[in-house]
Amino acid sequence: MPEERPSVKGGQASAAQAASVEALSASAFQKFLGGMDYPAGKQDMISHAQKNKAPDAVIQVLEMFEDKTYHSAADVSKEFGRVK
């Protein structure tokens, strides 16, 4: 019997579905924060990403963010670059 392995259906694996933080792109990361109301804190963004069914890699990156208020998606992008 063949071994069952998780796979990505249709071959549409994106960085957002990547198992690792290293493979996560800024655009894939921001996708899960779409519709976020700013200013927002780290915990607000984690909750928003979870509601958007973000993969573990996105949550892991958010957990590395400084615990401060972010005023825009640009602020979030800067912090993403810092923690990556």
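Residues that are open to solvent by less than 80 Å² (accessible area, probe 1.4 Å) and not aliphatic (A, V, I, L, M) number at least 2 in the following helices (runs of 4 or more DSSP H) confined to segment 22-84: 26-31, 42-51, 73-83. Pairing residues of segment 55-74 that are within 13 Å of residue 20 (Cβ to Cβ) with residues that are in a loop (DSSP other than H, G, I, E, B) and modelled with pLDDT of 95 or more, at Cβ distances under 6 Å and at least 6 apart in sequence or on separate chains, gives 58/32.
Evaluate the following for residue 49: is it under 17 Å from residue 79 (Cα atoms), at pLDDT below 95 and not charged (D, E, K, R)?
Details: under 17 Å from residue 79 (Cα atoms): yes; at pLDDT below 95: no; not charged (D, E, K, R): yes.
No: the conditions fail for residue 49.
Checking each residue in segment 22-46 for being more than 9 Å from the chain's Cα centre (by Cα), hydrophobic (A, V, I, L, M, F, W, C) and at pLDDT below 95 picks out only 23.
The values are calculated or read from the model by the stated rules, or taken from the named source; none is laboratory data. These figures come from a predicted structure and were not determined experimentally. Every residue, glycine among them, receives a Cβ derived from its backbone with ideal geometry; neighbour counts consider all protein chains shown. Just so you know, the surface numbers come from the protein's heavy atoms only, side chains and all, with ligands and any DNA or RNA stripped out. Shrake-Rupley method; radii C 1.70, N 1.55, O 1.52, S 1.80 Å.
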